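Following: one structure in structure tokens, then a few remarks.
The values are calculated or read from the model by the stated rules, or taken from the named source; none is laboratory data. Everything numeric here is computed off the predicted structure, so don't read it as measured data. Cβ placement follows ideal geometry from the backbone for every residue including glycine, while neighbour counts extend to all protein chains displayed.
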Amino acid sequence: MLAAVLKKLAEVVGAMLVVSFIVFLVLEANVEDVAVKVLGAYSAPDQRAAWLEANGYLDPFLVRYVRWLWDFVTLDWGQSTLFRVPVTEILPQRLAMTGILAGVTLVVSTVLSLVLGILAGMNEGSITDRTVSFVSVLTTSIPEFATAVFLSAIFVFWLGWLPGASTMISGFTARELVLPVAVLTLYSAGYLARITRASMVEAMRSPYVRTALMKGASTSRIVLQHALRNALIAPVTVIMLHIPWLLSGVIVVEVFFAYKGFGTLLYEAALNSDVFLIEACAMVSVVVVVATQLISDGLYRLLNPRLRVSAKPAGATA
Amino acid sequence: MTAIETRKAGFRVPAVLKSPTVVIGAVFVGIWVFAALFAPWIAPYDPLQSRAPLQLPMTRGPDGSLYLLGTDLLGRDILSRLLYGARAVVLWAGLATATAFTVGLAMGLVAGFYKGWVDKVLSFIANVILSFPVLVLYILVIVTFGASGLNIVLAVTFASAPGIFRIVRALTIDIAAQDYVAAAIVQGESPWRIMVVEILPNAAGPLVVDACLRLGYTTITIGVLGFLGLGLPPPTPDWGSMVNDGRPMAIAFPHMVIFPCIAISMMTLGLSLLADGIREVSLKQGRGS
């Protein structure tokens, strides 16, 4: 068990090192470029040369990489050229805003999809099953920005019930959170519901459920006591693996509703070539993804006794 | 890819066409493929020509010409732009998915067949790429290398080849354990021949399903990049960019954003339905994923 966890950890750290190297390579291999991005397009050549020298950009690439990595680990993430403050000053609050959005979405979509998936999977081929399956294909197939447009058209332009932007300028309001959460939920709940359904269908077909049925156990007992426990293994792992997906969706939804979170921050940084901010955002998102993969891996081992000893979990590799 | 698809399609046509899911999906996708192929003949106007700004759908402009879906801020006919926009989507999504599949297939076959250190190295690379959130990766690539069709192909290949690699690798390991592969090895067939002739055709079922899904993801990706203003450079009509352009005026003129959204949703929904339908049919036939 410990060896497996350590091996996983080593794998993850290795992957993160490579990713950090790629990020650094893409953004800082060309020092002239970095100088232009930091000092602006109208800076004088000798200004740039002076800046490069003052900040150690004349050192060999690998030296700079190691120093950069060390700075990253010690939370010295540089100055944002767009906001003119240290990156570490804006990133946490933006991350917190996204945390709220993602957290609410995760709760709503998990509850919704587990309930729908279990209802659908209990009676394979029933009308409930067919409806849930169809709706989940529909909602997961439509890109988030299109869902956002459709929902806005109905609830903002037509009915006028909800605000069309979620800038939270005059303080935090739950009303402004409704549409972003709804869009993200529609997109992710469908996928989760399908996984739960498939897993439930499989559990209901299994010999132990048949035995329980023949013993004369009630439907609720069969579902709650026998099928559910096994049926939930797959969805729980998928929920964690779903967070990277959610992160991509979050960027689109935040930009659409002008929500001041991590997604808009990354987007603004990218559009404005804010090198240090892009680097920090990219690294933070990688850490988030890797962390969720590790948690999902652990949960899978915890829930599935067959995998507690050794062997690689099928659904959860980093 | 096309070789596998036609071989399998020829084999399965009757069963596949009986599934309503497949037929509806094929119609949704078919409409836009048709539009992409024949845009110049069916589009009422030039998609780049400024005619009459901000006409509502189903109205006639000052010169009496009819705008079925209205016009945008610059007076360009939205229907014509949607039809031409289908070209961008079909071309770039198709090309990007095909490239990603070529790379993923080659890597997956090699890793699954040879195993050992080749597999370890390739799997590690795949894991590294997969620990990036996809959209962050796209934004990074597009912002660094600029927005163009070719860079979209590169970004999509880079980001989705690892996923394809994993599927192909797993399938290859499975199939390579079969007796007929052992027989082929004993016969002295070359590794490449075994991979392409013995293994690949037997992995085709799940791969066709995956290809439909990936095509959908790529379509969404191109749409999202366009929506974020990182897509194909203007004035190329593309659906995501149309949504981005129309967004500031969406309150007063929702038609500018709703129609492109309907177009892209039809396309991606059609591809999902196709994938689902084909999977159902192949499961009923007792093979495939």
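Some observations on this one:
- Filter result for the condition that a residue is out of contact with any helix residue (DSSP H, G or I) (no Cβ under 8 Å at 6 or more places or on another chain) and part of a helix (DSSP H, G or I), over A:Leu213, A:Leu302: A:Leu302
- If only residues of region A:262-289 that are surrounded by fewer than 24 Cβ atoms within 10 Å (Cβ to Cβ) and not in a helix (DSSP H, G or I) are counted, the one that is nearest to the other protein chains (Cβ to nearest Cβ) is A:Ser273.
- Restricting B:Leu228, B:Leu154, B:Leu135, B:Leu213 to those that are within 14 Å of chain A (Cβ to nearest Cβ), free of Cβ contacts under 8 Å to residues at least 60 places away in the same chain and either of a type in the set (A, V, I, L, M) or under 16 Å from B:Thr97 (Cβ atoms) (or both) reduces the list to B:Leu154.
- Scanning region B:185-228 for residues that are of a type in the set (Gly, Ala, Ser) and either at pLDDT below 85 or under 24 Å from B:Ala275 (Cα atoms) (or both) turns up B:Gly188, B:Ser190, B:Ala203, B:Ala204, B:Gly205, B:Ala211, B:Gly216, B:Gly223.
- Condition check for A:Thr167: away from every other protein chain (no Cβ under 14 Å), touching a residue at least 40 places away in the same chain (Cβ under 8 Å) and surrounded by fewer than 16 Cβ atoms within 10 Å (Cβ to Cβ): yes
- Qualifying residue in region B:169-183 (condition: modelled with pLDDT of 85 or more, under 19 Å from the mean Cα position of the chain (by Cα) and within 12 Å of chain A (Cβ to nearest Cβ)): no
- Any hit, region B:269-288, residues being at positive phi and at pLDDT below 80: yes
- Top-ranked residue of region B:26-56 - restricted to ones that are at pLDDT 85 or above and farther than 20 Å from B:Trp92 by Cα, ranked as surrounded by the fewest Cβ atoms within 10 Å (Cβ to Cβ): B:Trp41
- A single entry from A:Leu138, A:Leu179 fulfils the requirement of being away from chain B (no Cβ under 13 Å), touching a residue at least 40 places away in the same chain (Cβ under 8 Å) and under 26 Å from B:Ile264 (Cβ atoms): A:Leu179.
- Qualifying position, being under 12 Å from the mean Cα position of the chain (by Cα) and under 22 Å from A:Val290 (Cα atoms), among A:Gly261, A:Gly249: A:Gly249
- Residue within region B:234-246 that is in a helix (DSSP H, G or I), away from every other protein chain (no Cβ under 12 Å) and under 22 Å from A:Ser152 (Cβ atoms) present: yes
- Boolean, B:Gly229 is in contact with a helix residue (DSSP H, G or I) (Cβ under 6 Å, 6 or more places away or on another chain), among the small types (Gly, Ala, Ser) and surrounded by 20 or more Cβ atoms within 10 Å (Cβ to Cβ): no
- Taken residue by residue, region A:240-261 has at least one member that is modelled with pLDDT under 75, part of a helix (DSSP H, G or I), under 16 Å from A:Ser199 (Cβ atoms) and away from chain B (no Cβ under 11 Å).
- Criterion: out of contact with any strand residue (DSSP E or B) (no Cβ under 9 Å at 6 or more places or on another chain) and more than 29 Å from A:Phe150 (Cα to Cα) - qualifying residue of A:Leu184, A:Leu213, A:Leu179: A:Leu213
- The residues of region A:221-235 that are under 32 Å from the mean Cα position of the chain (by Cα) and either among the aliphatic types (A, V, I, L, M) or under 16 Å from A:Leu192 (Cα atoms) (or both), listed by number, are A:Val223, A:Leu224, A:Ala227, A:Leu228, A:Asn230, A:Ala231, A:Leu232, A:Ile233, A:Ala234, A:Pro235.
- Here the helices (runs of 4 or more DSSP H) wholly within region A:1-88 that include at least 1 residues being modelled with pLDDT of 85 or more and within 14 Å of chain B (Cβ to nearest Cβ) are A:2-28.
- Restricting region A:18-51 to residues that are acidic (Asp, Glu) and within 34 Å of the chain's Cα centre (by Cα), the residue that is surrounded by the fewest Cβ atoms within 10 Å (Cβ to Cβ) is A:Glu32.
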